[in-house]
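Report on the structure given below.
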Amino acid sequence: MRNHDSSSENWRGRIALMVAHCAGMVDLVALPVWMGALIARYGLPPQQAGTLVTLFLMGAVGSSLFCAPRFQRLRTRAVAAGGFAVAALAFGGVAATSDYAAMAGLHLLAGMAAGSALSVTHGTVGQSANPHRMFALCGMALGVFAIIFLGALPEIVAANGGPALFIALAIIMLAASVSSALLFPRRSARPQAAADPRAGAGAAATQPISSAVWFAALGIGCMGLVQAMMFSFLERIGADRGYSASAVTGVLIALGIVNLFPAPLAALLEKRWPARYVVLAGPVAQAFLALTISHGSTYASYAGAAAVFAAVMIFTHTFAFGLVAQLDPGGRALSATPAMLMVGAAIGPVLGGTLVQHAGYAMLGTAAMIIATIAVVCFARAGQRYTLRSLQ
């Protein structure tokens, strides 16, 4: 009999997964403030600032790739609680130093720790009764978190300096560690996988992962690359164009409010919009917004595109998550979701910093168009193979 107090199908388990998702995906919210603090408060050039954030994301990628194939054997609650606890200590260390080498090592450690926790979180979400809906709930929580974070942190950092950002990140990770230790759900087999007549006991964990999953993973990675590349410089683009600090903060707050809607909208449209079409449209919309942000000459165009930029990623990723869940009932591929997303996101800050430093902000939009084309091709292949698999 399932222990309902520790299931992902009750409020305790859902809360733990939502808190863990917010902490593990903090880069999706914090990048503009993060990069802005490293450049404006620590005096780092864009390329060096981007390298620090890239080290955090590369650490997350590495730990996710390590955890994903071992997901069925991991003690998920212990990994989640322990990972977030180590990340909290690492961010606390960053706040206490201004030595670049030390900051680099601590960013890498924080990424490895948070990435392992996020990996088991997404693997557990993938084993819930309805992964699409559960991931949408996590996205809604991230939207609420974004409003609080983006509404408060820019002013806190402006008043107290760069270390205040890393103290805040440490507190977020500590909260996720406590929540995971107390409430994180125990692993359970997905009902769909158990009821699949084509699969015997444990087959979902031993069958080879479909090539469609890898195409989808590459597409998600490309979108993560564009997201991180542009999002890292959202605050700097506004500041360098002469917009006031309050105007730029207002855009970030609006972005957080808008982020409340894509996840519940994705949940409502789960049965109405085929995932294979949504993931084709997502990269195109993302590239259009990136061009508007990087090439626009007015505050209205900058603010309008920036406010909805992250929402496209959240909406599309929810459908992509549900698509991959259907292709991999055992949860191994979904446990690697942080790697799918962050392998691109890890490249984004340093690539964006390099492009900005040598070619200006306009080059970010051009690069986004090229990467979006690759994403569309990958998602098209994934959707084609998914359709063929469904007909078999």
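The values are calculated or read from the model by the stated rules, or taken from the named source; none is laboratory data. Just so we're clear, the structure is a prediction, and the values are computed from it rather than from any experiment. So basically every Cβ, Gly included, is an ideal-geometry build from the backbone, and we count neighbours across all protein chains shown.
In this structure, does L255 turn out to be under 18 Å from M25 (Cβ atoms) and part of a loop (DSSP other than H, G, I, E, B)? Let's see the steps before the verdict.
Details: under 18 Å from M25 (Cβ atoms): yes; part of a loop (DSSP other than H, G, I, E, B): no.
No, not satisfied.
Which of (1) of a type outside the set (A, V, I, L, M, F, W, C); (2) at pLDDT 85 or above; (3) over 21 Å from the mean Cα position of the chain (by Cα) does S177 not meet, given it meets every other one?
(3)
Return a yes/no flag: does segment 160-167 have any residue that is closer than 24 Å to S116 by Cβ, polar (S, T, N, Q) and modelled with pLDDT of 85 or more.
In the first step, residues of segment 160-167 are kept if they are closer than 24 Å to S116 by Cβ; the result is 165-167.
Imposing the further condition that a residue be polar (S, T, N, Q) reduces the set to none.
Checking segment 160-167: not a single residue is closer than 24 Å to S116 by Cβ, polar (S, T, N, Q) and modelled with pLDDT of 85 or more.
Scan (1) crowded, with 18+ Cβ neighbours inside 10 Å; (2) modelled with pLDDT of 85 or more; (3) over 17 Å from V343 (Cα atoms) for the single condition A60 breaks and write down its number.
So the condition that A60 fails would be (3).
With the requirement that a residue be over 14 Å from V19 (Cβ atoms), of a type outside the set (K, R) and touching a residue at least 60 places away in the same chain (Cβ under 8 Å), what does segment 126-142 give you?
Applying the first criterion (over 14 Å from V19 (Cβ atoms)) to segment 126-142 yields 126-133, 135-136.
Filter once more, keeping what is of a type outside the set (K, R): 126-132, 135-136.
Result: G126, Q127, S128, A129, P131, H132, F135, A136.
Name the residue that is farthest from T54 (Cα to Cα), counting only residues in segment 10-28 that are buried (at least 16 other Cβ atoms within 10 Å of the Cβ) and either basic (K, R) or at pLDDT below 85 (or both). Full working, then the answer.
Looking only at segment 10-28, we keep the residues that are buried (at least 16 other Cβ atoms within 10 Å of the Cβ), and these are 12-28.
From the residues that got through so far, the ones that are either basic (K, R) or at pLDDT below 85 (or both) too are 12-14, 27-28.
On the way: R12: 33, G13: 31, R14: 30, D27: 10, L28: 13 Å.
Only one residue fits best here, namely R12.
Kindly evaluate L44 against the criterion of being at pLDDT 85 or above and surrounded by fewer than 22 Cβ atoms within 10 Å (Cβ to Cβ). Step through it out loud before you land on a result.
Values: at pLDDT 85 or above: yes; surrounded by fewer than 22 Cβ atoms within 10 Å (Cβ to Cβ): yes.
Here the answer is yes, as L44 does meet what is asked.
With the structure loaded, tell me whether L74 is among the hydrophobic types (A, V, I, L, M, F, W, C) and under 17 Å from Q227 (Cα atoms) or whether it fails that test.
No.
Would segment 75-84 turn up any residue that is aromatic (F, W, Y) and modelled with pLDDT of 85 or more?
Yes; the residues of segment 75-84 include at least one that is aromatic (F, W, Y) and modelled with pLDDT of 85 or more.
Pick from segment 314-336 the residues that are closer than 13 Å to R70 by Cβ and either modelled with pLDDT of 65 or more or buried (at least 24 other Cβ atoms within 10 Å of the Cβ) (or both): which of them is farthest from the chain's Cα centre (by Cα)?
From segment 314-336, those closer than 13 Å to R70 by Cβ are 330-332, 335-336; that's our starting set.
Imposing the further condition that a residue be either modelled with pLDDT of 65 or more or buried (at least 24 other Cβ atoms within 10 Å of the Cβ) (or both) reduces the set to 331, 335-336.
On the way: G331: 18, S335: 13, A336: 12 Å.
Step by step, filter segment 314-336, then rank; the result is G331.
Give all pairs with beta carbons closer than 8 Å in which a residue from segment 84-113 that is not aliphatic (A, V, I, L, M) meets a residue that is not in a helix (DSSP H, G or I); count only pairs at least 6 apart in sequence or on separate chains.
S98/Y42; Y100/L44
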